[in-house]
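Just below is one structure, and these are the notes that go with it.
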Amino acid sequence: MVEPAAGPGPVGVQTITDLPQLIALAPAWRVLSDLAPAASVFQHPDWALAWCRTLGADSALQVQAAFRDGELVGLAPLAIDAGDGRAARFVGAPLNDFNDFLVHPQDPAPVVAALWRQVLDPAAGWAALELTPIRPDAALRINGHLPNLTGAARELLPVQPAPLLRLEDDWEAYRARLPARHRRQWERTLARTLADHTVQVQPVEDPHQLADAVARFERLRRSSWTARGRLDELVPTQRDDRFPQFLAAAAAALAGAGHCLLIELAIDHTLAAADLYLTRARSALLYLRAFNIEAAEHSPGVMLAILGLKLLHARGYREVSLGRGGEAFKYHLGGQDVPLERVVLRRSP
Amino acid sequence: MQLYVSPHLDDAVLSCGGMIARTRRGAGRAVVLTVFASGPRGGKLTPYAARYHAKCGIADLWTRRWEDIEACELLGAELIHLQFPEILYRRDHHGRPRCRSRHELFSQLRPDDTAVVAEVTSALAHWIRRLSPATVYGPVGLGEHVDHVATNAALRQAISDLGADAPRLLLYEEMPYAALNQASTANTAAALRHLKSTATPNTHRLTEEDWAHKIRAIEAYRSQLPSIWHGTDWRAELRAYAQQLVPGGLGEQTWTPTLDRSSSAGPADADVRSSGT
């Protein structure tokens, strides 16, 4: 299919339905991911392919790839879950904090239009299309909106917050901006712990070390949810036996491209908490957190939140998304809401 | 495990950053313990401290603590911040400031410092017992900043009190005093003379990688560097000194206090050692 384009050349879209084809596209996909300004790590091939090889093994890929002059200029990474009413979801869902198309920054409108035409085509075969969660600045929007589809019901789900933190170049300026009550509380907690215990903040970003570190992280995370009797509050995909394998593989692969960082906090030489960040350029996203319930008296999660921000700041990160969800600590750290739109299109049977 | 005792929030990294990086490169454990890591009790500065802050652009304690946290992270070291206030912020039990002039900042210990030294001795002994380091590194006391002299005295006493259980003690030359060739000042020259007669030098060879880690960690002390180095090219000064220690390479220097145990050990300590042999 060829779409007339106002840009340098016409846009052609190819549908990819099997994994080897998608793997073959990975080098061009990486290039596109690096070029796309609004892309998140969830649209990166290392994340998506790790999902396809593990958790997504039961889904039917339906990835739309747009080419212009032989170059990959757009990607709509979708998969259809045959066991769930033929629901089309983004590859990686529901683990992705943000979903989007990947679009080349040069003359994007015809690329987005061409991708949507393919995605919404009845031949795509889905009964429901889950457009969730979508950022306000998502590349897939047309004039700022998600598309309508004639003959399809449009179900609006509640908007989700994803607090975003912007850090000043001067750490002290950020520190001064923190609500005084919370800053004093964190610094008192930190001072008390530093006076009575050894404290170590350890970043892990080497891909060879990260697979083991993420496995350790996931064990800690599960044990703390289990110890609190709240394991069933995790989304089912995170309780899937294949999830640790997915996370370790994705993290190690992303770390190889400089897109993953695990920050560990050890108190008295024992792992007390860890935060997993997914990174791009000068932006980081706090994806998952874990803490050791036996270290709860030190409030290690609170301590690591602020220690991790300091570490990210020192490494040049100036924008930190605190991830989906409106937990209080995110606002105490100065996070400002970014609303995530959630829409499901349902075709009439 | 190696324990690096730092009088202030920067001394150990400035002076031993390369050795800490080397320890970590070998997957060893390194702990940096800062003794005087607390500000004025109640937050109120003494008049001299207020003048000193204004003159030298000293940042508040939390700024410096955050910098130390960053430096230790870059080196892969664990850290401890004891809650003793620096001399600039200390008051005696009548509430009088311990330090009213620059002269009082750089001087020998006075009788009214005894209580602080005793408390620091007790805290250091506690941490040495708890961590069981193979080696403890402490400041020589070059420059005669009272907090450095107090830390040196307290550490030697703590080691002496531990008797046969004591780890090896190595004293490090503090920067910038050693690198800036401040041996011309009377205090530093006297300290060096005393050191040479009571200790033997050890040179610790470093790799370029260790050195790069040290420099990156020192860069974290951004609020401190201007007042420490007074506009000199500190990277060049440190490197020149490190090259002077290891011709064709880079190094840091420590001293083994040869007279340490015999000179400071009291009868109780002697009993412990004799009973153990």
Practice problem: Exactly one condition in (1) modelled with pLDDT under 95; (2) in a strand (DSSP E or B); (3) of a type outside the set (Asp, Glu) is not met by B:Arg205; state its number. | Solution: (1)
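Considering B:Trp66, B:Trp62, which residue is without any contact (Cβ under 8 Å) to a residue 24 or more places away in the chain, aromatic (Phe, Trp, Tyr) and more than 13 Å from B:Ala217 (Cα to Cα)? Step through it out loud before you land on a result.
Values: B:Trp66 fails: more than 13 Å from B:Ala217 (Cα to Cα).
Exactly one of B:Trp66, B:Trp62 is without any contact (Cβ under 8 Å) to a residue 24 or more places away in the chain, aromatic (Phe, Trp, Tyr) and more than 13 Å from B:Ala217 (Cα to Cα), namely B:Trp62.
Give me the strands (runs of 3 or more DSSP E) completely within segment A:242-349, filtered to those with at least 2 residues that are among the small types (Gly, Ala, Ser), ordered by residue number.
Working: elements: A:260-267, A:270-280, A:283-291, A:319-321, A:339-347.
Those strands (runs of 3 or more DSSP E) span A:270-280, A:283-291.
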Practice problem: Output the number of the condition that B:Arg168 fails; it satisfies all remaining conditions of (1) surrounded by 15 or more Cβ atoms within 10 Å (Cβ to Cβ); (2) touching a Ser or Thr at 6+ places or on another chain (Cβ under 6 Å). | Solution: (1)
Quiz prompt | Count of segment A:39-71 residues which are in contact with a strand residue (DSSP E or B) (Cβ under 8 Å, 6 or more places away or on another chain), of a type in the set (S, T, N, Q) and within 22 Å of A:Leu254 (Cα to Cα) | solution = 2
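Could you please give the count of residues in segment A:78-104 that are under 19 Å from the mean Cα position of the chain (by Cα) and either farther than 19 Å from A:Gln43 by Cβ or not in a loop (DSSP other than H, G, I, E, B) (or both)?
We begin by selecting, within segment A:78-104, every residue under 19 Å from the mean Cα position of the chain (by Cα); these are A:78-79, A:88-103.
Filter again for either farther than 19 Å from A:Gln43 by Cβ or not in a loop (DSSP other than H, G, I, E, B) (or both), leaving A:78-79, A:88-90, A:102-103.
Result for segment A:78-104: 7.
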Quiz item: Pick from segment A:189-219 the residues that are outside any helix (DSSP H, G or I) and at the interface with chain B (Cβ under 9 Å from one of its Cβ atoms): which of them is surrounded by the most Cβ atoms within 10 Å (Cβ to Cβ)?
Solution: A:Val199
Quiz item: Going by the structure shown, is A:Ala124 among the small types (Gly, Ala, Ser), within 14 Å of chain B (Cβ to nearest Cβ) and farther than 21 Å from A:Leu95 by Cα?
Solution: no
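Taking segment B:42-75 as the search range and keeping residues that are out of contact with any Phe, Trp or Tyr (no Cβ under 8 Å at 6 or more places or on another chain) and within 7 Å of chain A (Cβ to nearest Cβ), which one is surrounded by the fewest Cβ atoms within 10 Å (Cβ to Cβ)?
To start, the set of residues in segment B:42-75 that are out of contact with any Phe, Trp or Tyr (no Cβ under 8 Å at 6 or more places or on another chain) comprises B:42-44, B:47-48, B:50-57, B:59-63, B:65, B:69-70, B:72-75.
So of that shortlist, the ones also within 7 Å of chain A (Cβ to nearest Cβ) come out as B:62-63, B:69-70, B:73.
Numbers: B:Trp62: 16, B:Thr63: 18, B:Ile69: 24, B:Glu70: 24, B:Glu73: 21.
Only one residue fits best here, namely B:Trp62.
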Exercise. With the condition kept exactly as written, say whether any residue in segment A:288-305 is within 14 Å of chain B (Cβ to nearest Cβ) and among the acidic types (Asp, Glu).
Key: no
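Does segment B:230-241 hold any residues that are on the phi < 0 side of the Ramachandran plot and surrounded by fewer than 19 Cβ atoms within 10 Å (Cβ to Cβ), and which are they? Before the answer, list the steps.
Narrowing segment B:230-241 to residues on the phi < 0 side of the Ramachandran plot: B:232-241.
Within segment B:230-241, B:Thr232, B:Asp233, B:Arg235, B:Ala236, B:Glu237, B:Arg239, B:Ala240 meet the criteria.
Results for (1) in contact (Cβ under 8 Å) with a residue 60 or more places away in the chain; (2) at positive phi, shown as yes or no for each residue.
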| position | (1), (2) |
| --- | --- |
| A:Gln14 | no, no |
| A:Leu25 | no, no |
| A:Gln43 | no, no |
| A:Gly70 | no, yes |
| A:Gly74 | yes, no |
| A:Pro77 | no, no |
| A:Arg89 | no, no |
Quiz item: Can you tell me which residue in segment B:81-98 is nearest to the other protein chains (Cβ to nearest Cβ), limited to those that are in contact with a Lys or Arg (Cβ under 7 Å, 6 or more places away or on another chain) and buried (at least 16 other Cβ atoms within 10 Å of the Cβ)?
Solution: B:His81
Quiz item: Do you know which residues across segment B:24-34 are crowded, with 22+ Cβ neighbours inside 10 Å and away from every other protein chain (no Cβ under 11 Å)?
Solution: none
Exercise. Can you confirm whether segment A:154-167 contains a residue that is within 14 Å of another protein chain (Cβ to nearest Cβ) and either among the aliphatic types (A, V, I, L, M) or farther than 23 Å from B:Ala37 by Cβ (or both)?
Key: yes
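The values are calculated or read from the model by the stated rules, or taken from the named source; none is laboratory data. For clarity, every value in this text was computed on a predicted model and none was experimentally measured. Ideal geometry is used to build each Cβ from the backbone, glycine not excepted, and the neighbour counts take in all protein chains shown.
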